[in-house]
Amino acid sequence: MYGVSMGGAAVIRFLAMEEIPVERAIIDAGITPYPYPKIICRLISVKDWIMVMLGTRSLRLMKLAYPPERWTPKGEDPEAHYRALLKFYKQHYSPRTIYNVFWSTDNYTMPDPVPRVDTKIEYWYGEEEKRAREKEHDIEFVCRTYPQTVLKEFKGLAHAELVMMFPERFVLEVKRFLEE
């Protein structure tokens, strides 16, 4: 099983529910539930929503947040790539949907106590996002919840960059994990 970012949150919760046994799981920068009071969680979700709304409404802001020379797939025209992303967001995601995605990703429930699972788990994160994963207590939460978790840091990479920008390397890492 593999999940990145919000998908990593789904993996974290899925494993805890124990409905289907999973032999191996990669949680790639998975988001964990906030431990804060509900009002603080709402404020964080609103802040995240505002950032996404601004970023998906402005080509200039998107380029500032995600420099084209770093975030444009090989062989693609950066301008066309970013325009296509903006068009996709505007056509498929309402402002309410974007808010709901952040709220549900940051505030999902876990069983208490979380049952012990025999799944072999790696938690992946980019070197450039390590502070964010530590600040949000994601690494700590996953390691506490699943003590068998092995941490894997990718030098020089940001959030979700391995799977998004380096698919060949991503495949090699997944194969390595599956064959160990």
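Data for the structure
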quantity	calculated
Separation of the residue 61 and residue 179 label points, Cα + 7 Å toward Cβ, nm	4.5
Percent of alpha-carbon pairs separated by more than 28 Å within the chain	29
Charge dipole (debye, nearest 20) of the stretch 36-107; +1 at Cβ of Lys and Arg, -1 at Cβ of Asp and Glu	260
Most mobile of 127, 69, 23 in a GNM of the chain (Cα contacts under 10 Å)	69
Cα centre as origin, Lys/Arg/Asp/Glu Cβ charges: the chain dipole, Debye	760
Efficiency of FRET between residue 165 and residue 53 - r from beta-carbon atoms, R0 25 angstrom, step 0.05	0.55
Acute angle (nearest 10 degrees) that the helix 78-92 long axis makes with the longest principal axis of the chain, alpha-carbon atoms	70
Extension gain from residue 42 to residue 85, taking 0.36 nm per residue of separation minus the Cα-Cα distance	12.8 nm
Of 38/152; 87/135; 74/120; 87/130; 90/175; 47/87, those spanning more than 25 Å from alpha-carbon to alpha-carbon	38/152; 87/135; 74/120; 87/130; 90/175
Interchain or long-range residues, amide H under 5 Å from residue 2's placed H	26
Selected from 147, 91, 166, residue furthest toward positive end of dipole (the chain; charges at beta carbon)	91
³J(HN,Hα) computed for each position of the stretch 165-180 - Karplus, 6.51 cos²θ - 1.76 cosθ + 1.60, integer Hz, glycine/proline x	10, 10, x, 5, 5, 4, 4, 4, 5, 5, 4, 4, 5, 5, 8, 5
Selected from 55, 30, 126 as most flexible by GNM, with the chain as the system and alpha-carbon contacts under 10 Å	55
Contact order normalised by residue count of the chain, Cα under 8 Å, 6+ apart, percent	28
Inter-label distance for residue 143 and residue 77, nm, one decimal - labels placed 7 Å from Cα along Cα-to-Cβ	4.7
Cleavage-rule hits (trypsin sites (Lys or Arg not before Pro)) in the stretch 1-101: DSSP loop, at most 14 neighbouring Cβ within 10 angstrom	57, 74
Cα centroid of the stretch 1-75 to Cα centroid of the stretch 131-180, whole Å	13
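Values in this text are rule-based calculations from the coordinates and carry no lab data. Just so we're clear, the structure is a prediction, and the values are computed from it rather than from any experiment. Here the Cβ is made from the backbone with ideal geometry for all residues, glycine too, and neighbour counts use every protein chain on show.
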